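Worksheet: the structure to be examined is printed underneath.
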Amino acid sequence: MATSWANMPNGHLLVDSAWLADHLDDPDLRIFDCTTRLVPDEELGYRIADARDDWAAGHIPGAGYLNCQDDMCDTSHQHRFMLADPESFATSVGALGIGDDTRVVLYSTAELFWSTRAWWALYANGFDNAMVLHGGFQSWTAEGRPVSTAPCTYKPAKFTATRRENVVLDKDDVLSVLDNPDVSVVNALSAVQYQGTGGMVFGRPGRIANSTNAPYPELADLAAGTLNDPAIVEKIFADAGISGDKRTVNYCGGGISATIGFFAQKLMGYDNIAMYDASMQEWGFDETLPMERD
């Protein structure tokens with residue numbers, strides 16, 4: 001892990017494989033592979049698939065499996081990956097063994113945004129003891145650390161969900177700040193998606209009116225599952241109008257990739273940050289909501 005991330009105000013939220021190896025047997029630690037698959041679909045753009053088989057084939061010793069959609073979201077909602085209500089969320093993650101007195105390390109075998117999405121979901125519900133494994137399963141195996149195929153479940157625990165104010169936003173919340181110079185509404189999708197010139201389209205090509213761009217593929221090394229150097233990330237943020245003294249509203253296609261930016265902002269000590277959970281899967285299909293394209 002880059003030392004400079006460790007020196008960020010909230011650098012403790014990002015741990016490396018060496019740290020996890022040293023704490024693997026801590027009785028209060030819960031480890032989860034939270035990889036969730038997106039499978040291309042001509043009608044839907046993508047459909048959600050489970051990655052439990054990959055977890056069963058090999059995982060960090062003692063790690064359970066967490067599905068970001070099934071275990072944290074309202075699966076009956078018309079939009080995908082919509083955060084479950086606090087009571088339902090508490091029941092679901094409590095059943096996984098995440099409780100008020102536990103610490104949690106989240107990792108992915110693929111893109112970083114699965115672990116940051118799971119972290120964000122816990123954070124949004126008032127949980128402060130979740131951490132992300134920098135480099136995920138890739139870093140663990142690259143360092144020659146042990147891999148297990150043993151089943152793993154934790155004893156159910158009591159999780160108290162206290163939804164943080166102004167962290168989970170809806171379309172009306174976003175509409176209300178579009179003309180506010182003290183708020184940066186930031187699109188985390190690729191530059192061509194932001195411009196409306198290419199990539200996957202969510203209803204209408206382009207972006208929320210008056211929003212800026214901090215593309216998640218530039219914030220992280222997607223193959224390695226790591227955040228890029230903090231100086232690079234900070235410059236991208238600055239170019240997008242993101243700073244510690246302004247409010248930032250993050251969004252993307254479906255509330256997943258934008259959590260990379262949210263998590264990096266939190267690492268840097270930015271506190272006035274939020275996520276538009278439904279993101280473009282709602283906004284792009286609603287003709288009454290203002291959009292722009294290049």
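The values are calculated or read from the model by the stated rules, or taken from the named source; none is laboratory data. Bear in mind that the values here come from a model prediction, so they are computed numbers and not experimental data. Reconstructed Cβ throughout: ideal geometry from the backbone, glycine too, with neighbour counts over all protein chains shown.
Hey, can you tell me all the residues within the stretch 176-233 that are β-branched (Val, Ile, Thr) and surrounded by 20 or more Cβ atoms within 10 Å (Cβ to Cβ)?
Of the stretch 176-233, the ones β-branched (Val, Ile, Thr) are 177, 183, 185-186, 192, 197, 201, 208, 212, 226, 232-233.
If the condition is that a residue be β-branched (Val, Ile, Thr) and surrounded by 20 or more Cβ atoms within 10 Å (Cβ to Cβ), then 185, 186, 208, 226, 233 are the ones that fit.
Inside the stretch 181-192, can you point out the residues that are polar (S, T, N, Q) and over 12 Å from residue 209 (Cα atoms)?
Step one: of the stretch 181-192, the residues polar (S, T, N, Q) are 184, 187, 190.
Once the filter is applied, which keeps residues that are polar (S, T, N, Q) and over 12 Å from residue 209 (Cα atoms), the stretch 181-192 yields only 190.
Could you list, in sequence order, all residues of the stretch 108-141 that are out of contact with any Phe, Trp or Tyr (no Cβ under 6 Å at 6 or more places or on another chain) and not in a helix (DSSP H, G or I)?
Selection gives 110, 111, 126, 127, 128, 129, 131, 134, 135.
Quick one: would you say residue 17 is small (Gly, Ala, Ser), buried (at least 20 other Cβ atoms within 10 Å of the Cβ) and either closer than 17 Å to residue 108 by Cα or at pLDDT 90 or above (or both)? Break it down into steps so the answer makes sense when it comes.
Working: small (Gly, Ala, Ser): yes; buried (at least 20 other Cβ atoms within 10 Å of the Cβ): yes; either closer than 17 Å to residue 108 by Cα or at pLDDT 90 or above (or both): yes.
Here the answer is yes, as residue 17 does meet what is asked.
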